[in-house]
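Where a number appears in this text, it was derived from the coordinates with a stated rule and is not lab data. For clarity, every value in this text was computed on a predicted model and none was experimentally measured. Note: ideal-geometry Cβ built from the backbone for every residue, glycine included; neighbour counts use all protein chains shown.
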Amino acid sequence: MSFEEIAKELGISKTRVHQIYKHAIKKLRSPRNKDKWLAIFETLDLIEQEKTKRNNLIQGVDHDNND
């Protein structure tokens, strides 16, 4: 989604959307948030592992039904 589309949706200027974006990126890059980001990435990794396990089980079940 572009800044222009976001601005239109929120009823604010494209410039204001860009300002908010820059401020958010600055906060996200803050070293104080390092532990939070690590926790988020660990959680995402666990979710991906569970999804892979589930897909493997489903594929295994499908293979068993085809025999």
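Here are a few things to note about the model shown:
- The chain: angle of helix 34-66 to the longest principal axis, Cα-based, in degrees nearest 10: 30 degrees
- Cross-link reach list, lysines versus Lys8, counting only Cα pairs under 22 Å and skipping chain neighbours closer than eight places: Lys22
- Dipole-positive endmost among His23, Asn33, Asn55 within the chain (Cβ charges, Cα centre): His23
- Ellipticity estimate at 222 nm from DSSP helix runs (n ≥ 4, -39,500 (n - 2.57)) divided over the chain, nearest 500: -28500 deg cm²/dmol
- Against the chain, whose longest principal axis is taken from its Cα atoms, helix 14-28 shows a tilt of about 60°.
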